[in-house]
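Shown next, in structure tokens, is the structure this report addresses.
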Amino acid sequence: MSINDLEIEDTPDFSALADEDIDTIIKDLTSRVNSISFQEREVGLHDIHGVAGIDDKSNHEEQVLVNTMRLLLSERLHCRSSSAFRMADAESSAYTRDNSFLLMFLRCENYNIDTATNRLFEFFKHKLRLFIGPDKIGKKMITLADLSPNDMKSYSAGFFQLLPHRDHVGRAQFVNLPNYTTWDQRENVLRMIFHLCMAALMDEETQKKGAITVVHSLVSETSELRNPKGYDPVLTWQSTHLLQKAIPLRFVGTHICTNPSSFSGKFFSSMARFVGDAGIVRIRFHQVSFNEVNERLSTFGINSILLAVSQSGEKKTEKHRELMKVIKSIEVAKLLTPEKLTVLVPSATDVLLGRGKPIQNHVGNIRLGLIVESQLEEYDEIANRLDKTRLAEITMAKMKDAGVRFLSRDDNGFWELATEQLARERVSSTFRTVRDRLKGSQRCTNVPKRSLENAH
């Protein structure tokens, strides 16, 4: 079998793109949305606002679905669409039929076994085309070391970033800055997207909650035209196809922030025509000024965009490059100890150990403070230090039973499970911190009253 046997869906004809009128494009998109059933539109609306996630399944239910998917894979093994999968399966069936691997596809498709299997076959088609050779298609983890220098050049440019924080409901956040797209060949960008998305999927939270993308091109017309590669329709189509049909990551919302009168506004409006009905209801256009866009995005629970774009509209890559280093460290750790839990982007329920404002302001840490505050009266009534420690242990155990993880940062930058001792010490120190803060605030509220009495 040759690579040419693995042709992906034909690329649409974009020759008329430049001649299209934006009002006509928007009218066409509106008509498409109106033709979609009320139920489909409602599901899309819930997705983009984070109202609903995938169905909640127990470990046993997920295992039953994985076993059923394995049977379906065996039945379809000789279908033409499964040719790339067969190559990978022959190379390493332990990889292609691994529980955690198949679960990514099931979760992406909300546990629909048929569509999950189709996505799996597409995944291996793209993997074989992008990383040519049986040694790569049968490799469980494509690492940064597998990327070429030109791939890494596109990666480091930071025009496609995974933000280090989740949105208000725990979804991963990606930012696409097309004005800064850098590539030698289109495959450089596609391999970079493939790798970054699969790195994001190392976090189970991302598999279950999905991801949103912000396409940010709010800069001047002159700046846009300096980099026409950023608006290459074929590359945009290929990357959209890769994300929609192959990568096992559920993109639940896309926010396109652009000036409607600019070339980018017309470009992305036209590209939306080639998105399936399931995708079109999950796209929102924000045709506003740069100063207004952050406020608009915040209504969807997106508040980290300034980590990737400055107030002047320039890209920021410091956090992105830090994340690349963390990903490299995780890849090394996974090769040494595959079963080790490593976390790239903590979830909202996680409690983070460490110091500094970002950690103090993490949702999980704030929630810990509220839990501790509700037990403070009981804590103050305990005179024995050992009994205070027991209360901290009980609090910690209850939180863990509810799915909370206590995470500490590894020397290489990634998050991992903290030891029982470190987790208990964090809870104990939170009891003391909250108690001291409340006592301090009580003293402060009494000061104005005494000052007024002295003034009279």
task: Specify the residue that is modelled with the highest pLDDT; the eligible residues are those in the stretch 409-453 that are surrounded by fewer than 10 Cβ atoms within 10 Å (Cβ to Cβ) and of a type in the set (A, V, I, L, M, F, W, C).
output: 444
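Do you know which residues across the stretch 273-286 are over 17 Å from residue 175 (Cα atoms) and crowded, with 16+ Cβ neighbours inside 10 Å?
Correct list: 274, 275, 279, 280, 281.
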message: Condition first: polar (S, T, N, Q), part of a helix (DSSP H, G or I) and either touching a residue at least 40 places away in the same chain (Cβ under 8 Å) or surrounded by 17 or more Cβ atoms within 10 Å (Cβ to Cβ) (or both). Now tell me which residues in the stretch 92-110 satisfy that.
response: 96
statement: Flagged in the stretch 130-162 as in contact with an Asp or Glu (Cβ under 7 Å, 6 or more places away or on another chain) and part of a helix (DSSP H, G or I), in numbering order, are 130, 134, 136, 137, 144, 150
message: All but one of (1) touching a Leu at 6+ places or on another chain (Cβ under 7 Å); (2) part of a helix (DSSP H, G or I) hold for residue 179; state the number of the condition that does not hold.
response: (1)
field: Candidate set from the stretch 325-384 (those that are part of a loop (DSSP other than H, G, I, E, B), free of Cβ contacts under 8 Å to residues at least 60 places away in the same chain and among the charged types (D, E, K, R)); member that is surrounded by the fewest Cβ atoms within 10 Å (Cβ to Cβ)
entry: 339
task: Could you give me the residue pairs with C-beta distances under 6 Å whose first residue belongs to the stretch 36-62 and is free of Cβ contacts under 8 Å to residues at least 40 places away in the same chain, whose second residue is aliphatic (A, V, I, L, M) wherever it lies, and which are 6+ apart or on separate chains?
output: 46/52
query: Got at least one residue in the stretch 141-164 being under 17 Å from residue 212 (Cα atoms), without any contact (Cβ under 8 Å) to a residue 40 or more places away in the chain and in contact with a strand residue (DSSP E or B) (Cβ under 8 Å, 6 or more places away or on another chain)?
result: yes
task: Inspect all residues belonging to the stretch 112-133 and state whether any of them is under 26 Å from residue 326 (Cβ atoms) and surrounded by fewer than 17 Cβ atoms within 10 Å (Cβ to Cβ).
output: no
statement: Only unsatisfied item for residue 93, checking (1) over 17 Å from residue 122 (Cβ atoms); (2) modelled with pLDDT under 90, is (2)
message: Condition check: in contact (Cβ under 8 Å) with a residue 40 or more places away in the chain and part of a helix (DSSP H, G or I). Does residue 404 satisfy that?
response: no
- prompt: Quick one: what pairs do we get from the stretch 77-91, first residue of a type in the set (Asp, Glu), second not in a helix (DSSP H, G or I), C-beta under 8 Å, 6+ apart or different chains?
  reply: 89/77; 89/97; 91/138
field: So residue 264, is it over 22 Å from residue 326 (Cβ atoms), in contact with a helix residue (DSSP H, G or I) (Cβ under 7 Å, 6 or more places away or on another chain) and either at pLDDT below 80 or among the polar types (S, T, N, Q) (or both)
entry: yes
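The values are calculated or read from the model by the stated rules, or taken from the named source; none is laboratory data. All figures in this text were calculated on a predicted structure; none of them were measured in a lab. For neighbour counting, all protein chains shown are included, and Cβ atoms are generated from backbone atoms with ideal geometry for every residue, glycine included.
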